[in-house]
Every structure is written in structure tokens, then in C-alpha cells.
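The values are calculated or read from the model by the stated rules, or taken from the named source; none is laboratory data. All values derive from a computational prediction rather than experimental measurement. Glycine gets a Cβ as well: all are built from the backbone with ideal geometry, and neighbour counts include every protein chain shown.
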Amino acid sequence: MQLAGRVTGIALVALAATITLGAARAPEPTTITEAQLRELLAAGPANFTISVEGTKQGPFKGESPRPTQKGKIPGVAFYFGVKSAREAGSGMATGRRTQSGISFTKAIDASTPQFYQAMASNEILKSVVLEFYGTNPNGEEQVVYSIKLTNATVSGIEQYAGRVPEGDVARPMDSTPLEDITVTFQRIELESVTGKTMAVDDWSAKR
């Protein structure tokens, strides 16, 4: 799965978290265009960044060109889903939630070997933080939404560039080498910084 093909454009990349409960289903995103992907990978501000701290490797290297995002990894696309089984009639929960893990697309960079090493050694990542950016009324960049994962592990890596096979058809892609990283986690914290709301879930907690 190439996550760059799961988003509709720049605006949806910024806040593309789809949290599905019961029978509710979010619309399937369409393919990002080559021009949009090139713009996302340009030197301008990333829609979101990733910061990672491993228990063995320490902080992962970030190469964002933005002064306000120094030391962070620029993101290109993002996906997250969680489901809760429900009875059709009553809507009551019938079991524990199931979550897909979090997947994000990024350019291949200095952190690429670190993600691979983390997966190969089953390294516990103390924290994985995704920060989504917007602008305030003064036109200044600010974090508007964040996701923090605790005790995460890298469960999947896919790398690709050029024309990428998708089913029986090879679709055109920007030539920039990209990779999809998937992480699973014990605890997740979602915060709307501007809305001053927060949600926390811990899969190790007793229910």
C-alpha cells in the first residue's frame, strides 16, 4: 500500500485521521496528483512532522528545512483507523477495539536506516509524535493537532519511487524515493491544540 495514494490533496494530508466506529465508514480517499506530491516535498512547510525517540537509538534524525520544525521528519501522507465491534440492534459494544496501527509516508532520508534498524531489532520507541500544522490569524505557523504514541514498534516498511505497480496498472509517481512506515503502539494521545480537547486510549489498560 502506498499511502501517497490514500489522500485527496494537501488539505486532507494535514488532518486525515479516520476513526471508524461500528458501521460508520469514512469515504475512501483518491490518488494524490504528482504536482501535489511535488509541492508537499518542496522546501515549504510540511503539513505534518514526525518525531521519534527510541530506547536504543535515541532521537531519530529529522531533516525538515523549516526553522520551526528543526530536527523533525517532514510527513507526506498519513492514515489511522480504529474500530469498535457493535451489536446491530442495540449499538452496544461486543468486544475490544481493534486498531490498524498508524501509517505515514515520508521521503527516504537520514532516519530511514533508523526505522529499519528499529524494526529489525524490535526496538521499543518511547515516543512517536505527529504534529499537524496550520496558521493562526496572524499568518504564523502553529501546531493545531497532535498525536503521541507511547511504547510503539515499527511493524512495516515499504519503499518505492518512479512508476509504482498498483493492482494490474502501474500508476505515475513523483521520482522522489518515498517510504511508508507503519507503527503499532500501547498508548495513544490525540490532542486538538486549538480546540483544547484531548482523547487518550491505552491498549494495556483493563476494561
May I ask you to list pairs of residues, at least six apart or on different chains, whose Cβ atoms are under 8 Å apart, with the first in segment 193-205 being free of Cβ contacts under 8 Å to residues at least 60 places away in the same chain and in a loop (DSSP other than H, G, I, E, B) and the second being surrounded by 10 or more Cβ atoms within 10 Å (Cβ to Cβ) and not β-branched (Val, Ile, Thr)? VAL193/GLN142; VAL193/TYR145; VAL193/SER146; SER204/GLN186; SER204/ARG187
Quick one: in segment 129-162, which of the residues that are over 12 Å from the mean Cα position of the chain (by Cα) and among the aromatic types (Phe, Trp, Tyr) is nearest to THR105 (Cα to Cα)? TYR160
Does at least one position in segment 166-180 carry a residue that is within 14 Å of GLY75 (Cα to Cα) and either modelled with pLDDT of 95 or more or of a type in the set (Asp, Glu) (or both)? yes
May I ask you to list the residues in segment 174-192 that are touching a residue at least 60 places away in the same chain (Cβ under 8 Å) and either polar (S, T, N, Q) or surrounded by fewer than 13 Cβ atoms within 10 Å (Cβ to Cβ) (or both)? THR176, THR182, THR184
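Every residue, every condition in (1) at pLDDT below 85; (2) in contact with a helix residue (DSSP H, G or I) (Cβ under 9 Å, 6 or more places away or on another chain), yes or no:
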site: LYS56; (1), (2): no, yes
site: LYS70; (1), (2): no, no
site: LYS83; (1), (2): yes, no
site: ARG86; (1), (2): yes, no
site: ARG96; (1), (2): yes, no
site: PHE115; (1), (2): no, no
Tell me, please, whether a residue that is out of contact with any His (no Cβ under 7 Å at 6 or more places or on another chain), touching a residue at least 12 places away in the same chain (Cβ under 8 Å), in a loop (DSSP other than H, G, I, E, B) and not β-branched (Val, Ile, Thr) can be found in segment 130-137. no
Picked from segment 111-128 (must be part of a loop (DSSP other than H, G, I, E, B) and in contact with a Gly (Cβ under 8 Å, 6 or more places away or on another chain)), the residue surrounded by the most Cβ atoms within 10 Å (Cβ to Cβ) is SER111
Take the residues in segment 106-137 that are polar (S, T, N, Q) and touching a Phe, Trp or Tyr at 6+ places or on another chain (Cβ under 7 Å), then tell me which one is nearest to ALA161 (Cα to Cα). SER111
Among the residues of segment 145-162, how many are closer than 23 Å to THR197 by Cβ, without any contact (Cβ under 8 Å) to a residue 60 or more places away in the chain and either of a type in the set (Val, Ile, Thr) or in contact with an Asp or Glu (Cβ under 7 Å, 6 or more places away or on another chain) (or both)? 3
Criterion (under 19 Å from THR150 (Cα atoms) and modelled with pLDDT under 85) met by exactly one of SER127, SER90, SER100: SER100
Which of the residues that make up segment 131-145 are closer than 17 Å to SER64 by Cα and in contact with a Leu (Cβ under 8 Å, 6 or more places away or on another chain)? PHE132
